[in-house]
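Everything below concerns the one structure shown next.
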Amino acid sequence: VTRTADLTLFDFDHSFARSLQGLYEPWQAAAIPDATLLELNEPLAVELSLDPSALRTPEGVLALVGNTAATAADSIAQAYAGHQFGNYSPRLGDGRALLLGELVDATGSRRDVHLKGSGRTPFARGGDGRAAVGPMLREYVMSEAMHALGIPTTRSLAVVATGEPVRRETELPGAVLVRIASSHLRVGTFQYAAATGDAELLRRLADYAIERHHPDLASDASLGDAERYLAFYERILAVQADLVAQWMLVGFIHGVLNTDNVTISGETIDYGPCAFMDEFDPATVFSSIDHAGRYAYGSQPQITQWNLARLGETLLPLLAEDADAAVELATGVLGTFPERYTRAFDAGLRRKLGLGSDVADAALADDWFRMLHEQRVDFTTAFRSLAAAVRGEVDVTRALFDDPAPFDAWAQRWSAERSRQGDDAEAIAARMDRANPIYIPRNHLVEEALAAATAGDLALVDELVAVVRDPFTERPGLERYAQPAPTDFGPHQTFCGT
Ligand code: AMP
Ligand code: MG
């Protein structure tokens, strides 16, 4: 492979490596003798000004997985710490992942090209550095679905099979995921920098993050340093509050909200044990190791605030000379979380219910959720059906309830609220159809598609990706993608560290 061929594929910058010595180890991807491209995200490639046909060539595939001279030249494993299920680990880091470099587009926006499953690194601890085909395709499907739902997320550019087996409970085919993110800065990155005790490193990290994600703050000469760092903390809190509100509005359960899996950018990251809720129940947990329900659906807002508290602790030395004053400032910002979250959630919920900004019946939304919970109704189906009700087919929703009486009473109140808006029914229903997806990556369909892919047949994964890429538009022939799991699917379980 020639360097020239490489350079036409990726023109990397390396601002993280340049600016943040002390927060990474230079490291190269394991050699992959038999790389096969399983999935290439062509729309994303085009968005990144990459040529899909060049990426599909044998050299292109090797470049994608850090196996050419140019893509291996400056790759690094990033250091981070993190609270895992509440317990602090001082040194996590990219145990099986690497940052190849950054792509900067014409508008100046910078994005990381990152590998997962690329071999052991100095942060691997006991891990094998590998990843299996199924879980990497899972991240591909789930992150594409989230993006199509309009939820901030890391993206998946490609999944490449390694041709090598990975030992899990059984032997599985190995793969590398090529992940794109606006950055891989995490709460855990700040925890790691703060724990070094090197105040200058912490400041460099904060300055780097501000320059990258909030250049308007970096260039605002009216702000003193401490004010800028406080404003930075406010911005992170805002994007995280908005993010978790969006998850809650589509029934998404992240599953492993450790501080190393919480981004500074506000993008969803780490699609290990995540899943969409079926029947509405705030206590829903899918992860096999989350016995206490720490990361249950209904706990996600509070856990996000807890994670932001850990971030605030790391920033204290930057907020004020006096420790008590710094704590007071950070606590003040943190205290705005519930209001910020509630505002974002309520606004989204009004869109989903077809309501305007002035809702007189304050208990309307709570009563809707109580009915869904009491009668174990499928979250996605229930919300989507409401547009049909607005169009006059109220029986579609009514039929979802074993006991329709509470729904009938609720529907009267709901209808009264809607009529106060004075908008015509079709306009309201059409807006609702853009807020309530009909197609989400349902657990039974994801599992079915990944099982087939692990056995070598990608057709179902391809079809699932095509379906969830357009989640709001009902299409004929896709009925099975809109249906809840059959009852014999049983309780769903997901796994970490796959
Ligand atoms: P995660 O659960 O994916 O957020 O990973 C938590 C930590 O474990 C990170 O530091 C990962 O890099 C590391 N890790 C997970 N799986 C492996 C593996 N198979 N080999 C090495 N490190 C791993
Ligand atoms: Mg992680």
*Return only the number of the condition from (1) aromatic (Phe, Trp, Tyr); (2) more than 11 Å from ligand 1 (Cβ to nearest atom); (3) open to solvent by less than 20 Å² (accessible area, probe 1.4 Å) that Phe123 does not satisfy.*
(2)
*Please give the helices (runs of 4 or more DSSP H) falling wholly within segment 1-89 in which 1 or more residues are more than 27 Å from the chain's Cα centre (by Cα) and acidic (Asp, Glu).*
3-9, 58-64
*Kindly indicate the residue of segment 220-245 that is in contact (Cβ under 8 Å) with a residue 12 or more places away in the chain and open to solvent by 30 Å² or more (accessible area, probe 1.4 Å) and also farthest from Ile210 (Cα to Cα) among those meeting that condition.*
Asp242
_Selected residue (only one of Ser118, Ser156 is in a strand (DSSP E or B), among the polar types (S, T, N, Q), open to solvent by less than 10 Å² (accessible area, probe 1.4 Å) and touching a residue at least 12 places away in the same chain (Cβ under 8 Å))_ = Ser156
*Residues being assigned to a loop (DSSP other than H, G, I, E, B) and more than 16 Å from ligand 2 (Cβ to nearest atom): count how many of those fall in segment 267-293.*
13
*Please indicate, with yes or no, whether at least one residue in segment 489-496 is within 20 Å of the chain's Cα centre (by Cα), modelled with pLDDT under 95 and loosely packed, with under 15 Cβ neighbours inside 10 Å.*
yes
*Would you be able to tell me the number of residues in segment 446-488 that are more than 24 Å from Gly163 (Cβ to Cβ), over 23 Å from the mean Cα position of the chain (by Cα) and not in a loop (DSSP other than H, G, I, E, B)?*
4
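Hey, does segment 477-487 have a residue that's of a type outside the set (Ser, Thr, Tyr) and within 16 Å of ligand 2 (Cβ to nearest atom)?
No: zero hits.
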*Taking into account only those residues within segment 251-260 that are closer than 19 Å to His147 by Cβ and over 9 Å from the mean Cα position of the chain (by Cα), which is nearest to ligand 2 (Cβ to nearest atom)?*
Gly255
*Verdict on Val262 being touching a residue at least 24 places away in the same chain (Cβ under 8 Å) and either within 12 Å of ligand 1 (Cβ to nearest atom) or in contact with a Leu (Cβ under 8 Å, 6 or more places away or on another chain) (or both)*: yes
*Could you look through segment 71-84, keep only residues that are over 11 Å from Tyr24 (Cα atoms), of a type in the set (A, V, I, L, M, F, W, C) and more than 13 Å from ligand 2 (Cβ to nearest atom), and pick out the one that is least open to solvent (accessible area, probe 1.4 Å)?*
Ala72
_Leading residue by the ranking (nearest to ligand 1 (Cβ to nearest atom)) among those in segment 126-144 that are open to solvent by 10 Å² or more (accessible area, probe 1.4 Å) and over 17 Å from Glu448 (Cβ atoms)_ = Gly127
*List the number of the failed condition for Leu478; all other conditions in (1) surrounded by 13 or more Cβ atoms within 10 Å (Cβ to Cβ); (2) in contact (Cβ under 8 Å) with a residue 60 or more places away in the chain hold.*
(2)
*Kindly establish whether Thr57 is more than 21 Å from Arg138 (Cβ to Cβ), open to solvent by less than 60 Å² (accessible area, probe 1.4 Å) and without any contact (Cβ under 8 Å) to a residue 12 or more places away in the chain.*
yes
*asked:* So, Leu205, is that one touching a Leu at 6+ places or on another chain (Cβ under 8 Å), in contact (Cβ under 8 Å) with a residue 40 or more places away in the chain and among the hydrophobic types (A, V, I, L, M, F, W, C) or not?
replied: yes
*Pair list, Cβ under 6 Å, 6 or more apart: segment 444-466 residue polar (S, T, N, Q), other residue surrounded by 15 or more Cβ atoms within 10 Å (Cβ to Cβ)*: Thr454/Val133; Thr454/Gly134
_Quick check on segment 93-115: of everything there that is among the hydrophobic types (A, V, I, L, M, F, W, C) and crowded, with 22+ Cβ neighbours inside 10 Å, which residue is nearest to ligand 2 (Cβ to nearest atom)?_
Ala97
*Within segment 89-115, how many residues turn out to be in contact (Cβ under 8 Å) with a residue 12 or more places away in the chain and more than 24 Å from Ala195 (Cβ to Cβ)?*
12
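From the list Thr263, Thr170, pick out the single residue that is of a type in the set (Val, Ile, Thr), open to solvent by less than 10 Å² (accessible area, probe 1.4 Å) and either closer than 30 Å to Leu64 by Cβ or within 16 Å of ligand 2 (Cβ to nearest atom) (or both).
Of the residues listed, the single one that is of a type in the set (Val, Ile, Thr), open to solvent by less than 10 Å² (accessible area, probe 1.4 Å) and either closer than 30 Å to Leu64 by Cβ or within 16 Å of ligand 2 (Cβ to nearest atom) (or both) is Thr263.
The values are calculated or read from the model by the stated rules, or taken from the named source; none is laboratory data. Small disclaimer: the values here were computed from a predicted structure and weren't measured. As a convention, Cβ positions derive from the backbone with ideal geometry for all residues, glycine included, and neighbour counts pool all protein chains shown. To get the accessible areas, we keep the full protein, side chains included, count just its heavy atoms, and leave off ligands, DNA and RNA. Shrake-Rupley method; radii C 1.70, N 1.55, O 1.52, S 1.80 Å.
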